[in-house]
């Protein structure tokens, strides 16, 4: 990752934090750009800014806790005011997103769906005309019999890879002790239809297609940071 890309991500993160109001309950996303949001928010908290965070992963919980952000678990809040998270790809116009390269897709989606507003923060390399052209769709599946949903993913057109931990060479475990299958469908012109197909497969827990979930996307580019809202059409 280049220094220029880091700069663009930081610009987007800085603008996103400005959307947070005192007293809010905020979903804290997972990933490199979301970490920048968490760190900037922690600076405000250190200065007396009142906010409560709901982390989307164990990794984010550890980071936010180490920085002094007050935290609650998802089940302990009535509703989240605003969730700020990153994305691997975002489709222009619709703001459909592909997420989960870091393996936190289930918790990320649960937090997002419990939020009044969802804001994604990316640099301009993540904006695409059609999602799926640069990343496979992460699919979280049960450990037991995982090859059964894997075969079903192949039948609906995916090339699949079970995600493996680099150190142990064993299948990677999510925070919920499930496996992740990276399902490459190529370009996905109809993510809503594919989303439904994948969820109908027995053994699938969740997938990384975030359809009609993001309300706004902040994009960092060479000129600064800009805000995009979902196309009403």
- Name, by its number, the condition in (1) surrounded by fewer than 18 Cβ atoms within 10 Å (Cβ to Cβ); (2) out of contact with any strand residue (DSSP E or B) (no Cβ under 6 Å at 6 or more places or on another chain) that does not hold for residue 41. (1)
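Listed here are the residues, each with its yes/no results for (1) within 19 Å of residue 175 (Cβ to Cβ); (2) at pLDDT 95 or above.
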position	(1), (2)
89	no, yes
93	no, no
103	yes, no
108	yes, yes
114	yes, yes
118	no, yes
122	no, yes
- Message: Within the range 1-28, take every residue that is out of contact with any strand residue (DSSP E or B) (no Cβ under 6 Å at 6 or more places or on another chain) and part of a helix (DSSP H, G or I) and give me the one that is modelled with the lowest pLDDT.
- Response: 3
- Message: All but one of (1) surrounded by 14 or more Cβ atoms within 10 Å (Cβ to Cβ); (2) over 16 Å from residue 119 (Cβ atoms) hold for residue 46; state the number of the condition that does not hold.
- Response: (1)
- Query: Do we have any residue at all in the range 181-198 that's farther than 21 Å from residue 136 by Cβ and not assigned by TED's automatic domain parsing to the domain that holds residue 102?
  - Reply: no
- Message: Tell me yes or no: at least one residue of the range 65-84 is buried (at least 24 other Cβ atoms within 10 Å of the Cβ) and on the phi > 0 side of the Ramachandran plot.
- Response: no
- Task: Look at the range 137-146 and say how many of its residues are out of contact with any strand residue (DSSP E or B) (no Cβ under 6 Å at 6 or more places or on another chain) and surrounded by 12 or more Cβ atoms within 10 Å (Cβ to Cβ).
- Result: 1
- Task: Return the residue satisfying two criteria in turn: it lies in the range 9-30 and is surrounded by fewer than 23 Cβ atoms within 10 Å (Cβ to Cβ) and more than 19 Å from residue 65 (Cα to Cα), and of such residues it is farthest from the chain's Cα centre (by Cα).
- Result: 21
- Query: Restricting to the range 74-94, what's the tally of residues that are more than 17 Å from the chain's Cα centre (by Cα) and more than 20 Å from residue 41 (Cα to Cα)?
  - Reply: 4
- Kindly check whether there is at least one residue in the range 131-150 that is farther than 14 Å from residue 182 by Cβ, in contact (Cβ under 8 Å) with a residue 60 or more places away in the chain and out of contact with any helix residue (DSSP H, G or I) (no Cβ under 8 Å at 6 or more places or on another chain). no
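The values are calculated or read from the model by the stated rules, or taken from the named source; none is laboratory data. All values reported here derive from a predicted model rather than from experimental measurement. When we count neighbours, we look across all protein chains shown, and the Cβ atoms used for this are built from the backbone with ideal geometry, even at glycine.
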